[in-house]
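Student: Handing you a structure now.
Throughout, read-outs are computed from the coordinates displayed, never taken from laboratory work. Remember, it's a predicted structure, so these values are computed and weren't measured experimentally. Positions of Cβ are backbone-derived with ideal geometry, glycine not excepted, and every protein chain shown enters the neighbour counts.
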Amino acid sequence: TGVPKDDSLAVEWYIKAAEQGYADAQANLGFMYKTGLGVSKDEACAVEWYKKAAEQEHAQAQFNLGIMYANGQGLPKDDSQAVEYYMKAALQGLPHAQCNLGVMYAKGRGVPKNAVRAK
């Protein structure tokens, strides 16, 4: 029947892999800290792990970091930084990042308003 679900144990294994530089583990650990899954919720810690994964071109971590900048979660709100991370993820083909980037251009958040680029 498989192994019982244990989020705390998952966090322990993610930490081991993340400390060795494994980007997927760093991104997953960021998610665990952002949501409080298996660990006490800590948005600042989530940002740290997302940044480590984003530095390795992890598209989902870049997107999640963009969201955190756009909403001021775990760090000061910064629309220009949100755009930067959405752009990085969008250029890797992540549809949600492309959508969010379009919204930023449509609303002029972090970039000059531009209906053409918004599309």
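Student: Just want the ordering: 40, 8, from fewest to most Cβ atoms lying within 10 Å of their own Cβ.
Tutor: Ordered by Cβ neighbours within 10 Å, fewest first: 40, 8.
Student: Determine the principal axes of the Cα atoms in region 7-118, then give the extent along each, sorted from largest to smallest and rounded to whole angstroms.
Tutor: 47, 24, 18
Student: In percent, how large is the relative contact order of region 7-118, given Cα pairs closer than 8 Å and 6 or more residues apart?
Tutor: 16 percent.
Student: Excluding residue 30 itself, calculate the net charge of residues whose Cβ lies under 9 Å from the Cβ of residue 30, where each Lys or Arg counts +1 and each Asp or Glu counts -1.
Tutor: +2
Student: State whether region 73-119 is rounded, prolate or oblate according to the following rule on the C-alpha gyration tensor (a ≥ b ≥ c being the square roots of its eigenvalues): a/c under 1.5 gives rounded; otherwise a/b larger than b/c gives prolate, and the remaining case gives oblate.
Tutor: oblate
Student: To continue, here is another question. Compute, for the chain, the length of the dipole vector about the Cα centre, with Cβ point charges of +1 (Lys, Arg) and -1 (Asp, Glu) only. Units Debye, rounded to 20.
Tutor: The dipole magnitude comes to about 660 debye.
Student: If each DSSP helix of 4+ residues adds -39,500 (n - 2.57) and the sum is divided by the residues in the chain, what number results at 222 nm, nearest 500 deg cm²/dmol?
Tutor: Theoretical 222 nm ellipticity from helices: -21000 deg cm²/dmol.
Student: Count the net charge of all other residues whose Cβ sits under 14 Å from the Cβ of residue 108, scoring Lys and Arg as +1 and Asp and Glu as -1.
Tutor: That works out to +3.
Student: Right, another one. Check cross-link reach from residue 41 to the lysines: straight Cα distance under 28 Å, and skip same-chain residues fewer than eight apart.
Tutor: Filter leaves 5, 16, 51, 52, 77, 88.
Student: Here's something else I'd like to know. Sorted by packing (mean other beta-carbon atoms within 10 Å per residue), highest first, where do 65-72, 16-23 land?
Tutor: Peptide ranking by packing, descending: 65-72, 16-23.
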